[in-house]
Amino acid sequence: MRERATERERRYEVERDGREPEDERGREAGTTDARTPLVGGSLPRWGPWAVFSGVTAAVAGVLSVLGFNVALLAVASVVLTGAIIYGWARAVEGRRKATDRAITIAVSSAFALALTPLISLLFTVTSRGLARFDVQLFTESMRGVLGEGGGIQHAIVGTLVITGVATAASVPIGIMAAIYLHEYGRGRLKRALTFFVDVMTGIPSIVAGLFAYALFVLIYGPGIRLGVMGAVALSVLMIPIVVRSTEEMLRVVPNGLREASYALGVPKWRTIVKVVLPTSFAGIVSGAMIAVARIIGETAPLLITTGVFNSVNFNPFDGRMENLAVFAYNEYATPGIPNEPYIDRAWAAALTLLLIVMILFFVARLISARFGVKTR
Amino acid sequence: MTTATASATEAKRVEVSDLDIYYGSFHAVKSVTMTIQPNKVTAIIGSSGCGKSTFLRSLNRMHELVEGARVEGSVILDGQDIYAADVDSVMVRRQVGMVFQNPNPFPTMSIGDNVAAGLRLNSRKAKKDELDEIVERSLRGANLWEEVKERLDRPGSSLSGGQQQRLCIARAIAVQPEVLLMDEPCSALDPVATLAIEDLIGDLKNNYTIVIVTHNMQQAARASDFTAFFNLENSGDPGQLVELDRTDTIFSNPENKATEDYVSGRFG
């Protein structure tokens, strides 16, 4: 130990005296300064952006001759910029920083790539949906409407009722199932159930719809269409998502909190209700919200379970119910002549659906902040 | 629950006889027989992995929360074997409280609610002013009242580590147990907070029987009346009780050679 210390001191002396200038970092950074190398070479702050602008302009110039293409421009500019920056940084800053820059560019590009379709979609839905985004849209249904006019009140009501019933059924079942799996289940039964929950998350939604249809046909006979059938189909899709997300949230509750509660003589079920669930509340709420967002835009299972309907219907146990996704699909797939009013209504319905999801997420955030873990 | 409201009360004696503790097929602690004196502080020392914490957790049946864990032998608390067939582990834990190595206040509860948690969660119907009184008494008992009385509605996690540990002690004594188990309560704390907890332990023994596991031999010497030394002969063997005696005897004139080596630092 002492030998190593003296070795380090000796090296420090040598480096400070400048008799051993061949230090790796100093050499790599291209400096000839003989002090302990804390300062390395560095690209100017504007460097990467300047390279990017220059490369983009150059590629645009080349492409204007060969035939312009936005996607090709973006890809070619990013790849070229990455290569140039890496080479430049490698020469000036050394290998470590060059790698850092290359990875930064790769990660940022992946992020931009992932975001592009989302932004494109939001832009398209908003710009095209605004054409019919008026008061009439929310105050009228499609009852007796042909051609222009009409509204989607019936579809909004249907979406909220069907999703509400599905959520009211799925969230308690899902949370309790997750509590069983994480707090009580053990051994092979638990493993088998976990496996089937995972399988259930992959069920095609049309299969869930057919399941619900087949179930109700057994009771009511063929041709039955009810709002609650749609809710059953959506529950089949929703429950496994809620189970998985809740289970993850229960897993992050520290075991110390459970033990602290047991040590106070609190029984297990009360520990779960009063300590474990409140601690994981925010995560469970956002998990449930993601499940809601997943099912609120479902089309296929509702097409065969709730049917198509032009009037407002609040009662899920009585007759057909329209909803936004099915409405948008039908307006777009089978428009009348002229088709503009139908297409416009379809986009307006899509925009409304988007806004409903955003409002629900906002409300979920508020609930989490109000009842979740506080640190200050 | 008996009255622990008076300034000093007779706590309960714990008699452990022939206690063997297993995790599945692993024999963790072998045939421990010892008596834990009422209203005294008993320290348990020994090297890591010798079963100190396992033994401590077997005294309020926390041990069995681990899957596959089981116990043979008996632990007699106030004349009743806590491992008898018809004994409810929840009722045992109401008599034998525990403070853990890392401070673990409930994150969703305020400081006041944390202290009242044991009573609230056990749904004992207590009036608001009665609860307030218990909260104040427990926090005073844990030497924390003066520091937090202005902010009882703030979350428990807003306190410092040492304050959080005293909050956990207040939470444990709020349910008025007979015995208080502490599993290395100071190992995550700085010396000043450690001193505060040690002073507190000295006060608490007026009302409770205290068992404390510690890695810090100075702490055992300062804070305890009796010291038990646990050891294992070879790694993989079960841990066992080597010697239990008055703390000053253990540290000055132990009977066993292994104890002497350990307390004088010649071990490991």
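The values are calculated or read from the model by the stated rules, or taken from the named source; none is laboratory data. Not measured: the values here are computed from a predicted model. Because the Cβ atoms are built from the backbone with ideal geometry, glycine has one as well, and the counts that use them run over all protein chains shown.
In table form, for the structure just shown:
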{"quantity": "Elements of type strands (runs of 3 or more DSSP E) contained in the stretch B:193-268, each with 2 or more residues being crowded, with 20+ Cβ neighbours inside 10 Å and of a type in the set (Phe, Trp, Tyr)", "calculated": "B:226-231"}
{"quantity": "Residue B:172 being small (Gly, Ala, Ser), more than 13 Å from the chain's Cα centre (by Cα) and part of a helix (DSSP H, G or I)", "calculated": "no"}
{"quantity": "Conditions (1) among the small types (Gly, Ala, Ser); (2) surrounded by fewer than 13 Cβ atoms within 10 Å (Cβ to Cβ); (3) under 25 Å from residue A:227 (Cα atoms); number of the one not met by residue A:174", "calculated": "(2)"}
{"quantity": "So residue A:352, is it touching a residue at least 24 places away in the same chain (Cβ under 8 Å), among the hydroxyl-bearing types (Ser, Thr, Tyr) and surrounded by 24 or more Cβ atoms within 10 Å (Cβ to Cβ)", "calculated": "no"}
{"quantity": "Some residue of the stretch B:146-158 being within 14 Å of chain A (Cβ to nearest Cβ), within 19 Å of the chain's Cα centre (by Cα), assigned to a helix (DSSP H, G or I) and under 15 Å from residue B:106 (Cβ atoms)", "calculated": "no"}
{"quantity": "Unique match (being touching a residue at least 12 places away in the same chain (Cβ under 8 Å), over 30 Å from residue A:47 (Cα atoms), outside any helix (DSSP H, G or I) and polar (S, T, N, Q)) among A:141, A:170", "calculated": "A:141"}
{"quantity": "Complete set of residues in the stretch B:93-109 that are closer than 28 Å to residue B:39 by Cβ and within 7 Å of another protein chain (Cβ to nearest Cβ)", "calculated": "B:93, B:94, B:97, B:98, B:100, B:102, B:104"}
{"quantity": "Per-region count, the stretch B:187-209, residues within 19 Å of residue A:263 (Cα to Cα) and in contact with a Gly (Cβ under 9 Å, 6 or more places away or on another chain)", "calculated": "3"}
{"quantity": "Residue in the stretch B:159-168 that is more than 11 Å from chain A (Cβ to nearest Cβ), more than 21 Å from the chain's Cα centre (by Cα) and of a type in the set (D, E, K, R) present", "calculated": "no"}
{"quantity": "Residues of the stretch B:179-213 satisfying the condition of being of a type in the set (Asp, Glu) and more than 12 Å from chain A (Cβ to nearest Cβ)", "calculated": "B:184, B:190, B:198, B:199, B:203"}
{"quantity": "Residue that is farthest from residue B:88 (Cα to Cα), among those in the stretch A:236-282 that are of a type in the set (Asp, Glu) and more than 7 Å from chain B (Cβ to nearest Cβ)", "calculated": "A:248"}
{"quantity": "Selection count where residues are surrounded by 15 or more Cβ atoms within 10 Å (Cβ to Cβ) and within 22 Å of residue B:27 (Cα to Cα), scope the stretch B:75-88", "calculated": "4"}
{"quantity": "Enumeration of residues in the stretch B:110-145 that are at positive phi and either within 13 Å of chain A (Cβ to nearest Cβ) or at pLDDT 90 or above (or both)", "calculated": "B:123"}
{"quantity": "Some residue of the stretch A:147-156 being within 26 Å of the chain's Cα centre (by Cα), more than 14 Å from chain B (Cβ to nearest Cβ) and either under 27 Å from residue A:331 (Cα atoms) or free of Cβ contacts under 8 Å to residues at least 60 places away in the same chain (or both)", "calculated": "yes"}
